[in-house]
Amino acid sequence: MDNKKIVIANWKMKLSLAETSDLAKEMKNKFKGFGGEAAICPNSVSLVGVGKILKGGPVKLGAQNVFWEDKGAYTGEISPSMLVEAGCEYVIVGHSERRKYLLENYSMIHKELKAVLNIEGLTPIVCIGEDTVERKTDRRDFVLVNQLQEALGGINLMGDQQVIIAYEPIWAIGSGTAIEPTEAEYAHKIIKIALNDMFGMRVVKNNFRVIYGGSISSKNVKEFSGLEGVDGLLVGGASLDAEEFYKIAKAILK
Ligand code: PEP
């Protein structure tokens, strides 16, 4: 794979069920003839319904979370195979909001990733990124490498199994201020070097994409579209408007 770019919408818990299905229908229409790879991640209650809406269209379905077991007494959790049954092709693993509010850590993220890779047809989007203090104390590179090692250590990828790493500096998420593009390029380089060390260059080229997330909008996206090593975007707030998300998606393809 020659690092095909992808744009992924994370709708978090921001829309009602009715709003979710309306926006999914709008996205399906808007992206007709898009030509790139795009996915939306609605709330879990809407997955089955949105899966039906998106079926056969240009936008794929993703989930915002997954559990590491496939069946059993795990109240409130959703397994990788259930996500596939619902029509999901992607799943976000270890988003920083889950790390913050639900105390998800990288040992849990590692188990979730393994479970996802055990199921055919589901691509994990593994979130990493430094917080404000780590950034201020110049520990970003160390933090990123550590998170990658904890999440991916000991994992073997089969054939063309895909993994997406989302670099999401926590301080940039929802802040309205994205990272400086040159800084993003540097962080993505660090991530690719760490992945090369762990998996080898051939596997990284064929099986991994590294995307950026944090306050991307149609206004700043152009600064990110030409960056080396930025294979796509994870978009929160700006993905809640179909026209805005489409503009972002078109711009990153260039
Ligand atoms: C996110 O939370 O994954 C994200 C990228 O959010 P935003 O675009 O709103 O910063």
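The values are calculated or read from the model by the stated rules, or taken from the named source; none is laboratory data. Values in this document were obtained by computation on a predicted structure and should not be read as measured data. All Cβ positions, glycine included, derive from the backbone under ideal geometry; neighbour counts span all protein chains shown. Areas reflect the complete protein model, heavy atoms only, side chains present, ligands, DNA and RNA absent. Shrake-Rupley method; radii C 1.70, N 1.55, O 1.52, S 1.80 Å.
Counting only residues that are open to solvent by less than 10 Å² (accessible area, probe 1.4 Å) and either within 16 Å of the ligand (Cβ to nearest atom) or among the aliphatic types (A, V, I, L, M) (or both), the stretch 11-25 holds 2 of them.
For Ile248, indicate whether it is β-branched (Val, Ile, Thr), farther than 30 Å from Glu150 by Cα and open to solvent by less than 20 Å² (accessible area, probe 1.4 Å). Yes, satisfied.
Of all the numbered requirements in (1) more than 18 Å from the chain's Cα centre (by Cα); (2) open to solvent by 20 Å² or more (accessible area, probe 1.4 Å); (3) not small (Gly, Ala, Ser), Val143 misses one, and that requirement is (2). What do you reckon, is Ile40 over 16 Å from the mean Cα position of the chain (by Cα) and modelled with pLDDT of 95 or more? Answer is no for this residue. Within the stretch 106-121, not a single residue is out of contact with any helix residue (DSSP H, G or I) (no Cβ under 9 Å at 6 or more places or on another chain), open to solvent by 70 Å² or more (accessible area, probe 1.4 Å) and within 16 Å of the ligand (Cβ to nearest atom).
In the stretch 85-97, the residues that are of a type in the set (Val, Ile, Thr) reach residues that are open to solvent by 20 Å² or more (accessible area, probe 1.4 Å) with C-beta atoms within less than 6 angstrom, at least six apart or across chains, in these pairs: Ile92/Gln64.
Scanning the stretch 72-102 for residues that are at negative phi, away from the ligand (no atom under 16 Å from the Cβ) and either touching a helix residue (DSSP H, G or I) at 6+ places or on another chain (Cβ under 8 Å) or aliphatic (A, V, I, L, M) (or both) yields Ala73, Ile78, Ser79, Pro80, Met82, Leu83, Val84, Ala86, Cys88.
Based on this model, can you work out whether Cys127 counts as touching a residue at least 12 places away in the same chain (Cβ under 8 Å), within 13 Å of the ligand (Cβ to nearest atom) and open to solvent by less than 20 Å² (accessible area, probe 1.4 Å)? Spelling it out, Cys127 is indeed touching a residue at least 12 places away in the same chain (Cβ under 8 Å), within 13 Å of the ligand (Cβ to nearest atom) and open to solvent by less than 20 Å² (accessible area, probe 1.4 Å).
Residues in the stretch 26-47 that are assigned to a helix (DSSP H, G or I), of a type outside the set (S, T, N, Q) and surrounded by 15 or more Cβ atoms within 10 Å (Cβ to Cβ): how many?
Summing the residues that are assigned to a helix (DSSP H, G or I), of a type outside the set (S, T, N, Q) and surrounded by 15 or more Cβ atoms within 10 Å (Cβ to Cβ) in the stretch 26-47 gives 5.
Do we find a residue being within 24 Å of Ser225 (Cα to Cα) and among the aromatic types (Phe, Trp, Tyr) anywhere in the stretch 26-37?
yes
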